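What follows is a single structure, written as C-alpha cells, with notes after it.
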Amino acid sequence: MSKFGLLMDHLNEAGIACSGNRFRPGRCRQEWLHAVHSPDYIERFRNNGLTSRELKRVNLPWSEGLVRRTLTSPAGTVLAAQLALHYGVACHQAGGTHHAQYDVAAGFCIINDLAVTSHVLLERNRLERILIFDCDVHQGDGTARLLADEPRAITCSIHCGRNFPFTKALSDVDVALPDGLEDDDYLNEVSNCLHAQLDRWQPDLVLYAAGVDIYAGDPLGRLGVSLEGIRQREALVLETLKQRGTPVATVIAGGYDDDRQALARRHAMVTEEAARLYAS
C-alpha cells in the first residue's frame, strides 16, 4: 500500500503534480457502487463482515483505512474520466482494480472502479461508447463479467495467458500473450490491438489500465518487458489517443516489488508521458 504515497511524492518532487492540476475525490456515491456491486457485499465489507474465506481472496487485512481507501478510489477514477472529457487526459494515481466482481473480491481488488466508472459515464455523461483498454499482466476478469451485458462498454484485455486468473472470463477482446514476451513483440501487440479497437468502436472515452506488472522483474508477472519498454508503451498508447482526439483516463493497475521506490517510479511513467505529450 505504501506505493501510492510514494508515487505522489515522486510526481510532486518532479513538478508534474501541482496545486493547479491535482484533484482529490470524495467517497464514492453509494448508488454508483450499488449499480455494479451487491449492496449486501458492500455493506459487509464496510462493517468488517466478510467471512475469513472472502478476506483470503482480498489478500489484504481489513482495516478502517482500507475501507476509506476502497470507497474513495472508484470516485477517483470517475473524476479522472470526467476530467479527461474536458482536458483530453487525466491520470488517477490509483485504480485498475479489475478482478473485483459483483459480490466477490480477488487479487487485492474489492470494488471494480473500471466497471463503476463505465456505468457512471454512460448514464450521467450520456456517452455512447467506452473502451476499457487493460494492459495489466493479469486478465481483467471482473471487468469482463460485470460489463458483459453492457454493449456500450467494450472490454479489451492484453495479458499473459498463463498468469492469474487461471480461469479466464470472456472479454469483448482478449489478447493472451506467451510467457517471456519482450519489448518489440509486446509493443506490436499493444499497438495493433489499440488501433483495431479504435477503428472498430470509435469510443468517446478510453479507460487505460496501465499495469506495470508486465515488467521483467515483477514477481507476479511472467513477461519480459524492460523499463524502457514500459515507457514506450505509455507513449504509444497516449500518443495514439491524442492523435485521434480520443479522451483518455489512466489508472495505475498492478505492479509489485519489495523496492517500493522503484515500483512508484514505474507507476509514474504513464503520468510522466501524459505530462510530456499533453503539456500544451
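The values are calculated or read from the model by the stated rules, or taken from the named source; none is laboratory data. Note that the structure is a prediction, hence the values are computed from the model and not measured. Cβ coordinates were reconstructed from backbone atoms using ideal geometry, including for glycine residues, and neighbour counts include every protein chain displayed.
Quick look at the numbers
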{"quantity": "Contacts under 6 angstrom Cβ, first residue in the range 125-148 being at positive phi, partner not basic (Lys, Arg), 6 or more apart", "calculated": "none"}
{"quantity": "Tally of residues being more than 16 Å from the chain's Cα centre (by Cα), in contact (Cβ under 8 Å) with a residue 40 or more places away in the chain and more than 16 Å from residue 233 (Cα to Cα) across the range 166-213", "calculated": "8"}
{"quantity": "Matching residues, the range 145-179, being surrounded by 18 or more Cβ atoms within 10 Å (Cβ to Cβ), closer than 20 Å to residue 35 by Cβ and in contact with an Asp or Glu (Cβ under 8 Å, 6 or more places away or on another chain)", "calculated": "154, 155, 169"}
{"quantity": "Positions within the range 18-47 being free of Cβ contacts under 8 Å to residues at least 24 places away in the same chain and not basic (Lys, Arg), in sequence order", "calculated": "18, 19, 20, 21, 30, 31, 34, 39, 43, 47"}
{"quantity": "Filtered residues of the range 95-110 (kept if of a type in the set (A, V, I, L, M) and buried (at least 24 other Cβ atoms within 10 Å of the Cβ))", "calculated": "100, 105, 110"}
{"quantity": "Output for the range 214-228, where each listed residue is over 10 Å from residue 269 (Cβ atoms), free of Cβ contacts under 8 Å to residues at least 60 places away in the same chain and in contact with a strand residue (DSSP E or B) (Cβ under 8 Å, 6 or more places away or on another chain)", "calculated": "215, 216, 225, 226"}
{"quantity": "Failed item in (1) out of contact with any Asp or Glu (no Cβ under 7 Å at 6 or more places or on another chain); (2) in a loop (DSSP other than H, G, I, E, B); (3) surrounded by 24 or more Cβ atoms within 10 Å (Cβ to Cβ), with residue 137 passing the rest", "calculated": "(1)"}
{"quantity": "Residue ranges of helices (runs of 4 or more DSSP H) in the range 1-70 with at least 1 members among the β-branched types (Val, Ile, Thr) and under 22 Å from the mean Cα position of the chain (by Cα)", "calculated": "39-46, 52-58"}
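One line per residue, one yes/no per condition, for (1) modelled with pLDDT of 95 or more; (2) basic (Lys, Arg); (3) in a loop (DSSP other than H, G, I, E, B); (4) touching a strand residue (DSSP E or B) at 6+ places or on another chain (Cβ under 7 Å):
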position: 155; (1), (2), (3), (4): yes, no, no, yes
position: 164; (1), (2), (3), (4): yes, no, yes, no
position: 179; (1), (2), (3), (4): yes, no, yes, yes
position: 206; (1), (2), (3), (4): yes, no, no, yes
position: 212; (1), (2), (3), (4): yes, no, yes, no
